[in-house]
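Asks: Before I ask anything, let me first share the structure, which is written out below as structure tokens.
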Amino acid sequence: MTAVSEQTKLDVTRMRVVVLNASFELKAVVEVPRAVGYLFTGKAESLVDRDAAPLRSAGGLTMPIPCVVRLIRYVRLPMSARVPAWTRSGLMRRDGHTCAYCGGRGQTVDHLVPVSRGGRSSWLNTVAACGRCNGRKADRTPEEAGMPLRYRPNEPTMRAAVLFTLSAVERDALAGLGLSVAA
Ligand SMILES: [Zn+2]
């Protein structure tokens, strides 16, 4: 949909849309234009609309901004998409902003195998850590530093990863549909 007015574009750029599979399972969070494309091509139906000014096309058509849409046909996830991409914010949510070493507030990303030694930013190689523990561990593995982990890092499911990204409004919308928002 290319006819969205500039004014509306400014308003919706930060809004996202929760996409449910036909089975009502959480599938993804996408930007508004993509979700509107699904609706216009009949690939999805809107379940919950945003309480915001509607989208307005140059031709004068209006459409509520969707909040939660559901795909009409079930889409199977490809194998490559079974493990969600690593993100810093997703990691912080996974670890509950808790330092893996001292249990304090963890706001930095610690690489178990340090980046300087080829460690990657992956779900299994990163944990949340406080600045103090991160600095103390430095360029060593937890074993080398004598700093045992309080929890083992795991790979989140796609469902958990999508839940990590939801705002309170989006969680409420799903709860309003009777869907669980527990990871
Ligand atoms: Zn700490």
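The values are calculated or read from the model by the stated rules, or taken from the named source; none is laboratory data. Source: prediction; values computed, not measured. With ideal geometry, Cβ positions are generated from the backbone for all residues, glycine too; neighbour counts draw on all protein chains shown.
Asks: Give the range 109-165 a look and list any residue that's surrounded by fewer than 16 Cβ atoms within 10 Å (Cβ to Cβ), under 19 Å from Thr98 (Cβ atoms), within 16 Å of the ligand (Cβ to nearest atom) and of a type outside the set (Lys, Arg), or say none.
Replies: Gly131, Gly135, Ala145, Pro148, Leu149, Tyr151
Asks: Any residue that is closer than 22 Å to Leu177 by Cα and β-branched (Val, Ile, Thr) - is there at least one of those in the range 79-95? Show your work before the answer.
Replies: Step one: filter the range 79-95 for residues closer than 22 Å to Leu177 by Cα, giving none.
Within the range 79-95 (the criterion being closer than 22 Å to Leu177 by Cα and β-branched (Val, Ile, Thr)), the answer is no, since none of the residues qualifies.
Asks: Here's a follow-up. Go through the range 50-155 and tell me which helices (runs of 4 or more DSSP H), entirely inside it, have 3 or more residues that are touching a residue at least 12 places away in the same chain (Cβ under 8 Å). Show your work before the answer.
Replies: Numbers: elements: 88-94, 131-137, 142-145.
Filter on the range 50-155 gives 88-94, 131-137.
Asks: Looking at Arg70, is it under 18 Å from the mean Cα position of the chain (by Cα), away from the ligand (no atom under 16 Å from the Cβ) and among the basic types (Lys, Arg)?
Replies: Numbers: under 18 Å from the mean Cα position of the chain (by Cα): yes; away from the ligand (no atom under 16 Å from the Cβ): yes; among the basic types (Lys, Arg): yes.
Yes.
Asks: Test Glu170 against the stated conditions and say whether it is away from the ligand (no atom under 16 Å from the Cβ), of a type in the set (Asp, Glu), surrounded by 14 or more Cβ atoms within 10 Å (Cβ to Cβ) and under 30 Å from Asp51 (Cα atoms). Before you say what the answer is, go through the steps one by one.
Replies: Working: away from the ligand (no atom under 16 Å from the Cβ): yes; of a type in the set (Asp, Glu): yes; surrounded by 14 or more Cβ atoms within 10 Å (Cβ to Cβ): yes; under 30 Å from Asp51 (Cα atoms): yes.
Yes; evaluated as a whole, the condition is true for this residue.
Asks: Now, a different point. Under the condition of being surrounded by 14 or more Cβ atoms within 10 Å (Cβ to Cβ) and more than 22 Å from the chain's Cα centre (by Cα), which residue from the range 44-60 is modelled with the lowest pLDDT? Explain how you work it out, then say what you get.
Replies: First pass over the range 44-60, keeping only residues surrounded by 14 or more Cβ atoms within 10 Å (Cβ to Cβ): 44-50, 55-57.
From what is left, the residues that are more than 22 Å from the chain's Cα centre (by Cα) are 55-57.
Values: Leu55: 84, Arg56: 84, Ser57: 80.
This residue is Ser57.
Asks: Taking the criterion of being more than 19 Å from Val29 (Cβ to Cβ) and touching a Lys or Arg at 6+ places or on another chain (Cβ under 6 Å), would at least one residue in the range 137-147 satisfy it?
Replies: Pass one, the range 137-147, residues more than 19 Å from Val29 (Cβ to Cβ): 137-147.
Restricting the remaining residues to those that are touching a Lys or Arg at 6+ places or on another chain (Cβ under 6 Å) gives 145, 147.
Yes, the range 137-147 contains at least one residue that is more than 19 Å from Val29 (Cβ to Cβ) and touching a Lys or Arg at 6+ places or on another chain (Cβ under 6 Å).
Asks: Another one. Identify the residue in the range 83-103 that is of a type in the set (Ser, Thr, Tyr) and within 14 Å of the ligand (Cβ to nearest atom) and, among all such residues, is surrounded by the fewest Cβ atoms within 10 Å (Cβ to Cβ). Steps first, answer last, please.
Replies: Taking the range 83-103 first, the residues of a type in the set (Ser, Thr, Tyr) are 87, 89, 98, 101.
From the residues that got through so far, the ones that are within 14 Å of the ligand (Cβ to nearest atom) too are 98, 101.
Numbers: Thr98: 18, Tyr101: 23.
Within the range 83-103, the match that is surrounded by the fewest Cβ atoms within 10 Å (Cβ to Cβ) is Thr98.
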